[in-house]
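Following: one structure in C-alpha cells, then a few remarks.
The values are calculated or read from the model by the stated rules, or taken from the named source; none is laboratory data. These numbers come from a predicted model, not from an experiment. Glycine also receives a Cβ, built like all others from the backbone with ideal geometry; neighbour counts cover every protein chain displayed. Just the protein is used for accessible areas: all its heavy atoms, side chains included, with ligands, DNA and RNA removed. Shrake-Rupley method; radii C 1.70, N 1.55, O 1.52, S 1.80 Å.
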Amino acid sequence: MAEVVILPDAAAAGELAADIIGDLVQARPDAVLGVATGSTPLPVYQALAARRLDLSRLRAFALDEYVGLALDHPQSYHSVIAREVTGPLGLDPARVHVPGEGPIEHAGDVYEHALTEAGGVDLQLLGLGTDGHIGFNEPGSSLASLTRVKTLTEQTRRDNARFFDSVDDVPIHCITQGLGTILRARRLLLLAFGERKAEAVAAAVEGPVTANHPGSAIQLHPRVTVLVDEAAAARLEHADYYRYVHANKPYWQPR
Ligand code: GLP
C-alpha cells in the first residue's frame, strides 16, 4: 500500500518533500533526483531552495519534454527545468538531463541509456494529470513502457494551454519516461493538490492497476509516498486509515 500523507496545503507538502530530499542528499550528495514539471512540484522546489543546501553534486533527470518545440522555447521542459529547478536549487547544469535531445527517433533509447549509466533514479517526484497521467504517459500506456514518443490527449493539451497563447500552440507530441522507467526508481514521491485532482488521486491509490489510469502503476512499486492536500484527498475511501497510519508511524521508519 502506498503511504498517503494528507497535509493542510501544498506548502506543507512542499516542506515535507524538501525534508525527504534533504535527507537523501545528506546521505548521498550525488544522489539522482527525478524531477517533474507542472505546477504541482513548485512548492517542493521553493521549499528546497529556501534551505540553501549544497546541491551542486546532485544529479537530476526530468520525466518528459514536448516534441516539436525548440529546446529554448520558454515552455519547453528544458527551459522550465532550467528556470524552476536548476537555477533556484543551484544544480550543476551539466548534471541535469531532460529527454528529447538529438535525433528524436533515437532520443528514447539515448535517455534510457543515460538513466542506466547514472545508476538509476533514487527518488522520483511525480505530479498527476487530471486524466491520470504520470510523466506524459496518457491513458492506455503500457505498464512496462520505456522512454518514447507519445501523443498527448486533448484533455492534457487543454490543461496545459494555460502555459501557451492558445491550445493550438500546445504540441501534439511529447517524449516521456515510460511507466516501466518510472517504476525502476528506488522511491516514488507523488504529489497532487486541489479538487480537480481528487478523482485521479483515488484512482491512482485505490483503483485497479490499469493502463487506463497510468497513475495506478504506482501500486506496483514497493516504496511510494503520496502527498496530498485535503481537497485532493476528498475521494479517497480510506482517508481516515491513512491519517491513522501516519499518526502512528513507528519511530524506526524513515520519513
Ligand atoms: C504535465 C506534466 C506532468 C505533470 C502533470 C500535472 O502535463 N507533463 O509531468 O505531472 O501534467 O500538471 P500540474 O502539476 O500542472 O497539474
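Here are some notes:
- Of the residues 196, 184, the single one that is open to solvent by 10 Å² or more (accessible area, probe 1.4 Å) and within 21 Å of residue 12 (Cα to Cα) is 196.
- Within segment 23-46, tally of residues that are over 14 Å from residue 91 (Cα atoms) and more than 16 Å from the ligand (Cβ to nearest atom): 5
- Restricting attention to segment 1-39, the residues being in a helix (DSSP H, G or I) and of a type in the set (S, T, N, Q) number 1.
- Filter result for residue 167 (open to solvent by 30 Å² or more (accessible area, probe 1.4 Å), in contact (Cβ under 8 Å) with a residue 60 or more places away in the chain, within 15 Å of the ligand (Cβ to nearest atom) and in contact with a helix residue (DSSP H, G or I) (Cβ under 9 Å, 6 or more places away or on another chain)): no
- Candidate set: segment 199-215, residues that are under 16 Å from the mean Cα position of the chain (by Cα) and assigned to a helix (DSSP H, G or I); chosen: the one surrounded by the most Cβ atoms within 10 Å (Cβ to Cβ): 214
- Test: residue in segment 142-155 that is touching a residue at least 24 places away in the same chain (Cβ under 8 Å), under 20 Å from residue 62 (Cβ atoms), outside any strand (DSSP E or B) and of a type outside the set (Val, Ile, Thr): yes
- Only one of the numbered conditions (1) within 13 Å of the ligand (Cβ to nearest atom); (2) crowded, with 18+ Cβ neighbours inside 10 Å is not met by residue 158, and that is (2).
- Any hit, segment 118-134, residues being among the charged types (D, E, K, R), within 16 Å of the ligand (Cβ to nearest atom), open to solvent by less than 60 Å² (accessible area, probe 1.4 Å) and touching a helix residue (DSSP H, G or I) at 6+ places or on another chain (Cβ under 8 Å): yes
- Scanning segment 40-57 for residues that are aliphatic (A, V, I, L, M) and either part of a helix (DSSP H, G or I) or over 22 Å from residue 190 (Cβ atoms) (or both) yields 42, 44, 47, 48, 49, 50, 53.
- Among (1) open to solvent by 10 Å² or more (accessible area, probe 1.4 Å); (2) in contact with a His (Cβ under 7 Å, 6 or more places away or on another chain); (3) touching a residue at least 24 places away in the same chain (Cβ under 8 Å), the one test that residue 79 misses: (3)
Yes/no per residue for (1) open to solvent by less than 40 Å² (accessible area, probe 1.4 Å); (2) more than 16 Å from the ligand (Cβ to nearest atom); (3) over 24 Å from residue 145 (Cα atoms):
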{"residue": "56", "(1), (2), (3)": "no, yes, yes"}
{"residue": "61", "(1), (2), (3)": "yes, no, no"}
{"residue": "70", "(1), (2), (3)": "no, yes, yes"}
{"residue": "85", "(1), (2), (3)": "yes, no, yes"}
{"residue": "111", "(1), (2), (3)": "yes, no, no"}
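- Considering 60, 70, the condition of being at pLDDT 95 or above, among the small types (Gly, Ala, Ser) and assigned to a strand (DSSP E or B) is satisfied by 60 alone.
- Only one of 69, 53, 33, 58 that is free of Cβ contacts under 8 Å to residues at least 60 places away in the same chain and under 30 Å from residue 173 (Cα atoms): 58
- In segment 13-30, the residues that are without any contact (Cβ under 8 Å) to a residue 40 or more places away in the chain and open to solvent by 40 Å² or more (accessible area, probe 1.4 Å): 15, 26, 27, 29, 30
- Taken over segment 144-155, the criterion of being open to solvent by 60 Å² or more (accessible area, probe 1.4 Å) and more than 12 Å from the ligand (Cβ to nearest atom) is satisfied by 144, 146, 149, 151, 154.
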